[in-house]
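For reference, the structure discussed in these notes is given below.
The values are calculated or read from the model by the stated rules, or taken from the named source; none is laboratory data. Please read these numbers as outputs of a predicted model, since none were measured by experiment. So basically every Cβ, Gly included, is an ideal-geometry build from the backbone, and we count neighbours across all protein chains shown. Side chains included, ligands, DNA and RNA excluded: accessible areas come from the protein's heavy atoms. Shrake-Rupley method; radii C 1.70, N 1.55, O 1.52, S 1.80 Å.
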Amino acid sequence: MSDRRTCFSCGELLRTDDVAIYLKLVSRTSQQFECIGCLGITLKCGREPIEQLIRYYRESGNCVLFR
């Protein structure tokens with residue numbers, strides 16, 4: 001089992017945004033997380049759309065995961 005603070009796919013250290021967007025897009029109950037790069041590969045969309053979503057949620061102030 002991987003450490004909560006590292007990506008379970010590549011082992012990269014996770015930031016709070018990595019964890020928050022994973023919880024938002026994949027599963028609110030997850031105990032393991034992927035970094036933005038690996039999540040982009042998993043979701044087949046790349047890194048940029050995920051970074052845009054993070055900016056949107058942070059600027060909107062409507063999601064408690066990004067406050």
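Before we move on, is Cys63 surrounded by 11 or more Cβ atoms within 10 Å (Cβ to Cβ), of a type outside the set (A, V, I, L, M) and more than 12 Å from the chain's Cα centre (by Cα)? Lay out the reasoning, then the answer.
Details: surrounded by 11 or more Cβ atoms within 10 Å (Cβ to Cβ): yes; of a type outside the set (A, V, I, L, M): yes; more than 12 Å from the chain's Cα centre (by Cα): yes.
Yes, satisfied.
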Is it the case that Arg58 is in a helix (DSSP H, G or I) and over 8 Å from the mean Cα position of the chain (by Cα)? yes
Output the number of residues of the range 22-53 satisfying the condition of being open to solvent by less than 80 Å² (accessible area, probe 1.4 Å), under 21 Å from Gly11 (Cβ atoms) and in a helix (DSSP H, G or I). 11
Which numbered condition in (1) touching a residue at least 40 places away in the same chain (Cβ under 8 Å); (2) touching a strand residue (DSSP E or B) at 6+ places or on another chain (Cβ under 7 Å) is the only one that Cys35 fails? (1)
Count, please, the residues in the range 5-57 that happen to be of a type in the set (Phe, Trp, Tyr) and over 18 Å from Arg67 (Cβ atoms). 2
Criterion first (modelled with pLDDT under 95 and open to solvent by 90 Å² or more (accessible area, probe 1.4 Å)) does Arg5 satisfy it? yes
